[in-house]
């Protein structure tokens, strides 16, 4: 079962936000595991920043819950990619926990991204979600979005698994292939690299359909087309959750850190908005599914984001260093040689 007290304790620790001087300022984005979609989206944004002379460090993490707390708690961390149902989950504690309420109040959406499909890879003899009853199921590591979503889904459907194993998908896949578990959850935008890059026998394993009506009040119906993964020849209907790029409601009057962070949010908001076509052409395929108007319920856009979206906003770009800005080693040699020859 999901234990909200652990998340609440982490957020309470996050309320004492450190300040830093502008001289020590750096920018970070919390993403996900090494094969997930989040980290690839983060790298695309970082590459866009690099083209403007802005450095954004891409940080691996366990996923959504760690990212949510990280934007509140980690030094120089202004951005995180999370699932939209994380905020909805935490809001359920507002009435009884003022510290969690305060934590949620400062969170802002930067942009909605894409729908993340909820993959449940299972043995072929397990036909549906009800078939997970009594089985050994990997539900993701604590603080990850997969852990949150899998726990909510199993609770909503009242599926009583034999054991909920806290493994991340990278670790769960070999366990499933070896017969040590019966299924595992993975929340990731399709095509997920984990399933594309690892051999999976379609005669022994498949993705479970997820079409139960009680889930449609929280999640969006979706479909993974046949052939998206080599082991899945037929289309499968399932559900998805919206991924969002989140930030914080920075107060420019408070301190240098808040001012610099707000500026960073404005700069990257402007860059993403003005270069969405470039991201869709050269970035992860999920950029093609981004609808910036599809704001999920409960999320508010931050003032620093809106500042960067203004028509007259210009990011403080500087041209990145290129080879043309630095003399070529051989060219320098030839020039020196010419100078020497002139003296003879």
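The values are calculated or read from the model by the stated rules, or taken from the named source; none is laboratory data. The structure displayed is predicted, hence computed values, not measured ones. Ideal geometry is used to build each Cβ from the backbone, glycine not excepted, and the neighbour counts take in all protein chains shown.
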For this session: Can you confirm whether region 238-247 contains a residue that is over 19 Å from the mean Cα position of the chain (by Cα) and part of a strand (DSSP E or B)?
Result: yes
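Within region 173-186, which residues are in contact with a strand residue (DSSP E or B) (Cβ under 9 Å, 6 or more places away or on another chain) and in a helix (DSSP H, G or I)?
So the first thing to find is which residues in region 173-186 are in contact with a strand residue (DSSP E or B) (Cβ under 9 Å, 6 or more places away or on another chain), and the list is 173, 175-177, 179-186.
Hits for region 173-186 are 173, 175, 176, 177.
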For this session: Would you confirm whether any residue within region 51-66 is surrounded by fewer than 23 Cβ atoms within 10 Å (Cβ to Cβ), at pLDDT 90 or above and assigned to a helix (DSSP H, G or I)?
Result: yes
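Out of the residues in region 151-172 that are in a loop (DSSP other than H, G, I, E, B) and touching a residue at least 12 places away in the same chain (Cβ under 8 Å), which is nearest to residue 38 (Cα to Cα)? Quick ask: steps written out before the conclusion?
Filtering region 151-172 down to residues in a loop (DSSP other than H, G, I, E, B) leaves 158-162, 166-168.
Now drop any that are not touching a residue at least 12 places away in the same chain (Cβ under 8 Å), which leaves 159-162, 166-168.
Working: 159: 28, 160: 30, 161: 28, 162: 30, 166: 20, 167: 18, 168: 14 Å.
Here the answer is 168.
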Problem set entry | Answer from 82, 104, 71 - the residue that is modelled with pLDDT of 75 or more, under 13 Å from the mean Cα position of the chain (by Cα), in a helix (DSSP H, G or I) and under 24 Å from residue 306 (Cα atoms) | 71
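Report yes if residue 191 is out of contact with any helix residue (DSSP H, G or I) (no Cβ under 8 Å at 6 or more places or on another chain), surrounded by fewer than 22 Cβ atoms within 10 Å (Cβ to Cβ) and in contact (Cβ under 8 Å) with a residue 40 or more places away in the chain, otherwise no. Spell out the reasoning first.
On the way: out of contact with any helix residue (DSSP H, G or I) (no Cβ under 8 Å at 6 or more places or on another chain): no; surrounded by fewer than 22 Cβ atoms within 10 Å (Cβ to Cβ): yes; in contact (Cβ under 8 Å) with a residue 40 or more places away in the chain: yes.
For residue 191, the condition - out of contact with any helix residue (DSSP H, G or I) (no Cβ under 8 Å at 6 or more places or on another chain), surrounded by fewer than 22 Cβ atoms within 10 Å (Cβ to Cβ) and in contact (Cβ under 8 Å) with a residue 40 or more places away in the chain - is not met.
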